[in-house]
Structure formats: C-alpha cells, structure tokens
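This report concerns only the one structure given below.
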Amino acid sequence: MSFLSLKNYQLLTASYLKPYFNKRHLFSHKGKHGHAALMVGSKGMMGAAILAAKACLRSGAGKLTCYIPEEGVSIVQAGIPEAMCSIDTYTGDNEKLDKLACYDSIGIGPGIGNTEESKNRLLFILKHYKRPVVLDADALNLVAGNLELWKLIPANSILTPHVKECERLFGKAGNDFTRIGLAIKKAKEYQVVIVLKGHYTLIADPSGKYIFNSTGNPGLAKGGTGDVLTGIITAFFITGLPPF
C-alpha cells in the first residue's frame, strides 16, 4: 500500500533515540527543567491522575501542577507531595489565563471523564493555550465527533489513542493495515502527531513520516499504562524534544 512507502518509514531503535537524551548540567535547578501541567482525574478515577503525575515528574519535569476536581486534592497531595494542585474550575478569569501562559507543556485526558464539564475545561485550554498539547483518554473521546474542538487543537500536538479511541476519532477500520493508513492520513490532515498504541506502536507525524516502536510486550496490556505515557510525553515536551 502507498502509505507504507519505505522512504517515510523508520523503526525505533536505541541508536535512533540516543542523540535526543542529554545529561543534566551539574548545577541545574528545578526552574531550568520547566513547569508542566496535567488536567487529570475525576471522582473514582484519581488513580489515573496519580500515575500520569508520577510519570511526568520521574521523566524530568522540574515543576508540575495538577488541575483536578476538589474531591481529588487530598489524594494527589498525599500520593505525590512534590506536585502542586489547582482545583479545576476554569471560570475563564484572568488569573487562570495567566497561569496557562506560564506552563511549558500541558497533558490532558487521563481519568477526566466524558462529561459536559470536562468538555468545557478542555475547550478553555484549547482556546487559550497556543502551544502543542498532549491529548489522551477522555480528551480524545471528547474530541471525537466534535469539530469545534478539532479545529482548536494546536499544530504538532500529540494524540495517543489506543485502537478503540482511534475508531471513535476516525471511524472503524477493516484491519490493522487500514487503521495504520488512516492514522497516517489524519496526522497529515490535522497537522498533529498520532501515537497509535499497540504491541507495535505507530507514530505518525504531520509530514507523512511514520515510525514503528516494536519494543512493546504483553506486560503493558493493563489499565494505567496509557496514563503513564501521557505523563512521560508531557515531560519530554518541556525539554525541547521535537514532537516526532
């Protein structure tokens, strides 16, 4: 098939990744390693917030603020004392807008729920934060079928759907090859990076290039691994690593 043109193909290897990772300067401090934000969690789903936040901090974010519902504050502050918490209201006031501008990266979705309130929160961020964002889980479910949200997603944002989320976003595919082609096509159409998660994960960029990550294993087939990935990618955005 044409979308599998070898000139656009790359297999992810250790040698490919090595140049992107540098040692920290001996005298660096937290302010040198950026401020990330995560919009995560809801009642009964605060575990997703914990997993994403821990992964973000472990992956190099200097500071992290978690936007969470009020009932989840004690859970996150007890579970991740190094993370800051902000009660997730998104009233549109100037203080919220000023805070958005100070974040070097924002990850959205794990555990937030597919509700009207969550949609309004996502809409607020996409309207007022003009840098690329990371969208996963319920953020993808909210975007699916909502043209208003699609149009607001900044270029070079990273979307991380699993197979079912991919179907909600782009429609059902008859087989894996068709689904891969669809993801590559939509990455170009919407000018985003799509990480189609699976045993062999596809990473498609806006130019039509794509990478396969063949390092997956069945141990990753459990709830929470996608939340961890969101935290990792959100932290990596801070370092200046390219989305693809």
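Bear in mind these aren't lab numbers, they're just calculated from the coordinates by the rules spelled out. These numbers were taken from a predicted model, which means no experiment stands behind them. Note that we place each Cβ from the backbone using ideal geometry, even for glycine, and neighbour counts take in every protein chain shown.
Couple of notes before you dig in:
- Selection from L152, P110, G216, by position along the positive dipole direction of the chain (Cβ): G216
- Here the calculated FRET efficiency for A173 and N22, from their Cβ-Cβ distance with R0 = 41 Å, stands at 0.60, rounded to the nearest 0.05.
- Rounded Å value of the spacing that divides the Cα centres of region 133-165 and region 169-244: 12
- Reciprocal mean inverse distance between Cα atoms of region 162-215 - Kirkwood radius, Å: 10.9
- Shape of region 23-136, Cα gyration tensor, a/c cut at 1.5: oblate
- Taking only Cα atoms of region 11-67, radius of gyration then Dmax in Å: 14.7, 42
- For the chain, the longest principal axis of the C-alpha atoms and the axis of helix 225-238 are separated by about 80°.
- By the count of other C-beta atoms within 10 Å, a proxy for reagent exposure, T234, T115 are ordered fewest to most as T115, T234.
- Residue range of the chain that is longest and free of trypsin sites (Lys or Arg not before Pro) which are both DSSP loop and sparsely packed (at most 16 other C-beta within 10 Å): 44-129
- Rounded tilt (10° steps) of 46-58 against the dominant C-alpha axis of the chain: 80
- With a simple spin-label model that places each label point 7 Å from the Cα along the Cα-to-Cβ direction, the separation between K164 and N114 comes to 0.9 nm.
- Positive-pole candidate from L12, V143, G62, dipole of the chain, charges at beta carbon: L12
- R0 of 45 Å, Cβ-Cβ distance L123-T215: FRET efficiency to nearest 0.05: 0.80
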